[in-house]
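Structure record follows, encoded as C-alpha cells.
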Amino acid sequence: MAGTESSGRGLPKEPFTEPSLALVGVFVRESVVPSCRCPRPIQIKLSINCSFSSDMSARRVVVFPSAAELGPTLAHLVASRADKALKDRGRFTVGLSGGSLVSMLSKELPALPDLDCSRWLAGFCDERLVPFDDGESTYGLYKSQLFSKINIPDSGVLAIDPSLTVHECAEDYANKLKKAFPNEDIPVFDVLLLGMGPDGHTCSLFPDHPLLEETQKIVAPINNSPKPPPQRVTMTFPVVNSARCVVFVSTGGSKAAVLKQVLEGGEGPTLPAARVVPSQGELFWLIDEPAAASLTVHVERQSTAAKL
Ligand SMILES: O=C1O[C@H](COP(=O)(O)O)[C@@H](O)[C@H](O)[C@H]1O
C-alpha cells in the first residue's frame, strides 16, 4: 500500500496515515414529526470505518539492484538493532536462518568495522536434524563461516542437540530458549533473519502443513519436510511474530513469482511467509531486482549501503 510504509514498531512513517480510524456517532432524540403522536425516540447511527491493517503499514519492502548491494545494508541493519538492544537491554538476541543467508551474513557481518558480538545471543529460526559436520547443518555452516570470524562466545550460541530424536530435539531446543528468555512466555528476539523458499516456506514452516496452526509450542518438530533433510525443528509463528524486528532476505529470479504472491496476495491459502506479521515489531523485506521483477506494490529502492 503506497504511502503507508513504516519505520518501526508499527508506527506509520510518512505521510502520516492513521492505521485504524473508526467514528461512530449516535444521535437519540424524540420525534418532532407533528403527525406522529408517539414520542418514540429515533435512533440514527452513523458509522464510518476506515481500517488499514497495521501489518501493511509496518512493512517495508526495499529493493536493491543485486544481492551484492543488498548485503551491506543487511549487515548495517543487524548492527544498528544490536546497538539499540545493547543500550536498552544489555544484550542482543538474534535468530539465524539457513540457506542463502549463511554466506551473505558470513561475508558482510565480519566486514563491519568494530562489530562487537560479545553480548550477542544467537539462536536458529529453524535447524535441520543432522550432525554438525553434515553440509546441511545450519549451525555447522555458521560455525565454520561466521562464528569463527566474530567474537561471539560459545555460550552465546543456542544450538540444537542433533543426537536426539526429532521430538526430543524440539523439546530440548524449546527449553534452551525458555532458559535464555526466563521472563517471557514467548521469547522476544531483537531480530529474526528469515529466508523464503520458492514454495513460500520460511523457517521450516511449509505450505499446508499442520505446523502453521501451532499456537502452544514455541519450537516444533517436523518429520516430513518437503525440502530435504526431512527431519527438522522450527520456531513457530507465535515466536516469529513476537520479534522486535523481522528481516526477510529474498534474492534471485526464482523467487519473483512467490514473492508477488506473498507481498500482494492472490488466490489460495496464505503462504507461510505471508503469515509473518510481527504483532509489534518491524518487518523488512530486503530483495533484489530479479526477485522484485513482478511486483506492483509500493517499494523503496536503494542502490548501495542504506541505513534502515
Ligand atoms: O530450508 C531452508 O530454506 C529456507 C530458504 O532458504 P533459501 O536458500 O531459499 O534462502 C531457509 O530460510 C531455512 O532456514 C532453511 O532451513
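Quick notes
- Condition check for L164: within 16 Å of the ligand (Cβ to nearest atom) and hydrophobic (A, V, I, L, M, F, W, C): no
- Yes/no for S294 being within 13 Å of the ligand (Cβ to nearest atom), touching a helix residue (DSSP H, G or I) at 6+ places or on another chain (Cβ under 7 Å) and of a type in the set (S, T, N, Q): no
- Odd one out for V240, checked against (1) under 24 Å from K84 (Cα atoms); (2) without any contact (Cβ under 8 Å) to a residue 12 or more places away in the chain; (3) within 15 Å of the ligand (Cβ to nearest atom): (2)
- Verdict on E127 being within 19 Å of V249 (Cα to Cα), within 16 Å of the ligand (Cβ to nearest atom) and among the acidic types (D, E): yes
- Residues that are away from the ligand (no atom under 12 Å from the Cβ) and in contact (Cβ under 8 Å) with a residue 40 or more places away in the chain, drawn from region 210-230: L212, K217, I218, V219, A220, P221, N223
- Matching residues in region 175-207 - criterion: being more than 19 Å from the chain's Cα centre (by Cα) and either open to solvent by less than 40 Å² (accessible area, probe 1.4 Å) or charged (D, E, K, R) (or both): K176, K178, K179, A180
- Evaluation of H298 against (1) in contact (Cβ under 8 Å) with a residue 24 or more places away in the chain; (2) open to solvent by 50 Å² or more (accessible area, probe 1.4 Å); (3) on the phi > 0 side of the Ramachandran plot (one fails), failing number: (3)
- In the set (1) within 23 Å of A68 (Cβ to Cβ); (2) of a type in the set (A, V, I, L, M, F, W, C); (3) not in a loop (DSSP other than H, G, I, E, B), the condition left unmet by M196 is number (3).
- Note on region 54-170: no enclosed helices (runs of 4 or more DSSP H) hold 3 or more residues that are touching a Lys or Arg at 6+ places or on another chain (Cβ under 7 Å) and buried (at least 19 other Cβ atoms within 10 Å of the Cβ).
- Every residue from region 171-193 that is assigned to a helix (DSSP H, G or I) and away from the ligand (no atom under 16 Å from the Cβ): E171, D172, A174, N175, K176, L177, K178, K179, A180
- Note on region 226-251: residues that are open to solvent by less than 10 Å² (accessible area, probe 1.4 Å) and outside any strand (DSSP E or B) total 4.
- Note on region 252-273: among residues that are open to solvent by less than 50 Å² (accessible area, probe 1.4 Å) and in a loop (DSSP other than H, G, I, E, B), the one that is nearest to the ligand (Cβ to nearest atom) is G252.
The values are calculated or read from the model by the stated rules, or taken from the named source; none is laboratory data. In this text the structure is predicted, and so the values were computed from the model without any measurement. Cβ coordinates were reconstructed from backbone atoms using ideal geometry, including for glycine residues, and neighbour counts include every protein chain displayed. Just the protein is used for accessible areas: all its heavy atoms, side chains included, with ligands, DNA and RNA removed. Shrake-Rupley method; radii C 1.70, N 1.55, O 1.52, S 1.80 Å.
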